[in-house]
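Visitor: Pasting a structure here, questions to come.
Every number here is computed from the coordinates shown, using simple stated rules; none is lab data. Here the structure is a predicted model, which is why all the values come from computation and not from measurement.
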Amino acid sequence: MTALVLLFGSTEYVQGLIAGRNIIVFICAFVGVNAVVEMVVSTIVSGIVGSALFRAKILPLRNRS
């Protein structure tokens, strides 16, 4: 995010995204949205991969004894 702001902060596109708000608020909102999307996608992908590995009998079921 620092590189984005330093390298592209003065471009018309980024200025349009910021829309006159505080730059710290913009960065926190941008990182927050990215974190939520990344958590959802990684949960779905890891569930699918784990299920496929289990069905292919590559990932064994652990005994809970």
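Visitor: For segment 10-22, in order, what is each residue's ³J(HN,Hα) by Karplus, 6.51 cos²θ - 1.76 cosθ + 1.60 with θ = phi - 60°, in whole Hz (x at glycine and Pro)?
Guide: Those phi angles translate into 8, 6, 5, 5, 5, 4, x, 5, 5, 6, x, 7, 5 Hz.
Visitor: Next up: Give the share of C-alpha pairs in each 5 angstrom bin for the chain, from 0 to the last occupied bin, in whole percents, shortest bins first.
Guide: Bins of 5 Å from zero give 3, 14, 16, 13, 10, 8, 8, 7, 7, 8, 4, 1, 0 percent of pairs.
Visitor: What angle do you read, to the nearest 10 degrees and between 0 and 90, between the alpha-carbon axis of helix 23-55 and the longest principal axis of the chain?
Guide: 20 degrees
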